[in-house]
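A.B. asks: Here you go, one structure.
The values are calculated or read from the model by the stated rules, or taken from the named source; none is laboratory data. Please read all numbers here as calculations on a predicted model, not as lab measurements. Please note: Cβ atoms are built from the backbone with ideal geometry, for glycine as well, and neighbour counts cover all protein chains shown. For accessibility, only protein heavy atoms count, side chains too; no ligands or nucleic acids. Shrake-Rupley method; radii C 1.70, N 1.55, O 1.52, S 1.80 Å.
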Amino acid sequence: MADTTFGPKGWTPERLGPQAGKTYLITGANAGAGFQAVRILLSKGARIVMLNRSAERSSAAIANLKQDFGAGAEVSFVRMDFSDLASVRAAATELLDTVPQIDALICNAAIAQVPTRKLTVDGFESQLGTNHYGHFLLCGMLFDCIEDSKGRIVVVASLGYKMGLRTIRFDDMNWDKDYSANPAYSQSKLAQMMFAYELQDRVKSAGKHVDIHVCHPGSSATSLISTSAGLMTRIIWWLMTKTPLVQSAEQGAYPEVMCATETGLEQRALYGPTGRMGFTGPVGKGPLEPYAHDKPVMVKLWERSEQDTGFNWNL
């Protein structure tokens, strides 16, 4: 049964009240759904800090935003490369020095369907390293500030978590054998979800006060596929964008903005489009496969993630 919590049209930015005095950090925010989330929140008076890899594209995005929202629009960026944990550490340290309040950290950055196996600077399979380990470290370093701000963490997942092994390949997380783009991507997004759901449990057990929400953008016309996938995948995706199975990047931003701002949301849930196969349609609570919060696997992944990133959360 479709979620009707927000009415037949689902959640839309019309529900969003004034955001003056609020500060949102958004990773991967100079294009696609992340950029559209910036636009929505800026239009309500929020302060935005974008965490992006490219200084050039970030500067262009900020110029675009200030042209649309005025020179006084509070939007800036900090350079952060999620494929390099040293870059994540340096950027997080800068943020702690310069951003005293974090009302929400939106973990939006990702790469997808990388056609040939690549490793990050730290030696991890590129999609796992970028999508999961980079955000795992960032959230850990900023957690105390988020809690002090009575803020929340939003993990932007993907329905791609259903495409692979539906568990974590602990004996070969880097896909040294039998690399395939979709299963590796699926593992990285499943890892992000498991991190979020395990963090929910640990926060509750520790008596902390940070809400963690998980969402997905559905099938949205962003540059994610075109910037990291192989030629055939890019062609198929281009053809799909000409059909009703793909919605706009702005609509793809609705779930993450909702999870960053809406009150009364469930935690052990997956929010996103509720229409055709979860690709498009009204935004609300969708189905969540039980293997996405398999407790023994979540605990093992958490321990492995602390080991691989060299960061202990101490919750």
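A.B. asks: In segment 96-131, what count of residues is obtained for those that are assigned to a loop (DSSP other than H, G, I, E, B) and either surrounded by fewer than 24 Cβ atoms within 10 Å (Cβ to Cβ) or over 12 Å from the mean Cα position of the chain (by Cα) (or both)?
C.D. replies: Looking only at segment 96-131, we keep the residues that are assigned to a loop (DSSP other than H, G, I, E, B), and these are 99-103, 108-118, 120-124.
With the extra rule that they be either surrounded by fewer than 24 Cβ atoms within 10 Å (Cβ to Cβ) or over 12 Å from the mean Cα position of the chain (by Cα) (or both), the set shrinks to 99-103, 111-118, 120-124.
Qualifying residue count, segment 96-131: 18.
A.B. asks: Quick check on my filter: what residues within segment 259-315 are under 14 Å from Leu159 (Cα atoms) and basic (Lys, Arg)?
C.D. replies: Arg276, Lys285 - these are the residues of segment 259-315 that are under 14 Å from Leu159 (Cα atoms) and basic (Lys, Arg).
A.B. asks: When residues of segment 132-163 are filtered for being over 27 Å from Asp97 (Cβ atoms), open to solvent by 10 Å² or more (accessible area, probe 1.4 Å) and touching a residue at least 24 places away in the same chain (Cβ under 8 Å), how many remain? Walk me through it before giving the result.
C.D. replies: Residues of segment 132-163 that are over 27 Å from Asp97 (Cβ atoms), as a first pass: 157-163.
Applying the additional criterion that residues be open to solvent by 10 Å² or more (accessible area, probe 1.4 Å) yields 158-159, 162-163.
Of the ones still in play, those that are also touching a residue at least 24 places away in the same chain (Cβ under 8 Å) are 158-159, 162.
The number of residues fulfilling the criteria is 3.
A.B. asks: When the residues of segment 164-180 are narrowed to those that are hydrophobic (A, V, I, L, M, F, W, C) and surrounded by fewer than 17 Cβ atoms within 10 Å (Cβ to Cβ), which ends up nearest to Gln267 (Cα to Cα)? So that I can check it myself, show each step before the final result.
C.D. replies: Initial filter on segment 164-180 (hydrophobic (A, V, I, L, M, F, W, C)): 165, 168, 170, 173, 175.
With surrounded by fewer than 17 Cβ atoms within 10 Å (Cβ to Cβ) added as a condition, the list becomes 165, 170.
Working: Leu165: 24, Phe170: 26 Å.
Across segment 164-180, the extreme among qualifying residues is Leu165.
A.B. asks: Can you tell me which of (1) open to solvent by 10 Å² or more (accessible area, probe 1.4 Å); (2) more than 18 Å from Gly272 (Cα to Cα); (3) touching a helix residue (DSSP H, G or I) at 6+ places or on another chain (Cβ under 9 Å) is the one Pro183 doesn't meet?
C.D. replies: (3)
A.B. asks: So, Phe124, is that one aromatic (Phe, Trp, Tyr) and under 18 Å from Leu315 (Cβ atoms) or not? Break it down stepwise before answering.
C.D. replies: Values: aromatic (Phe, Trp, Tyr): yes; under 18 Å from Leu315 (Cβ atoms): no.
For Phe124, the condition - aromatic (Phe, Trp, Tyr) and under 18 Å from Leu315 (Cβ atoms) - is not met.
A.B. asks: Further, regarding this structure: Which residue pairs have Cβ atoms under 6 Å apart, sit 6 or more places apart or on different chains, and have a first residue in segment 26-53 that is open to solvent by 10 Å² or more (accessible area, probe 1.4 Å) and among the charged types (D, E, K, R) and a second that is in a loop (DSSP other than H, G, I, E, B) and modelled with pLDDT of 95 or more?
C.D. replies: Matching pairs, first to second residue: Lys44/Leu16; Lys44/Pro18; Lys44/Gln19; Arg47/Glu74; Arg53/Asp81.
A.B. asks: Mind counting the residues in segment 6-39 that are over 24 Å from Glu147 (Cβ atoms), within 13 Å of the chain's Cα centre (by Cα) and of a type outside the set (Phe, Trp, Tyr)?
C.D. replies: Qualifying residue count for the region: 2.
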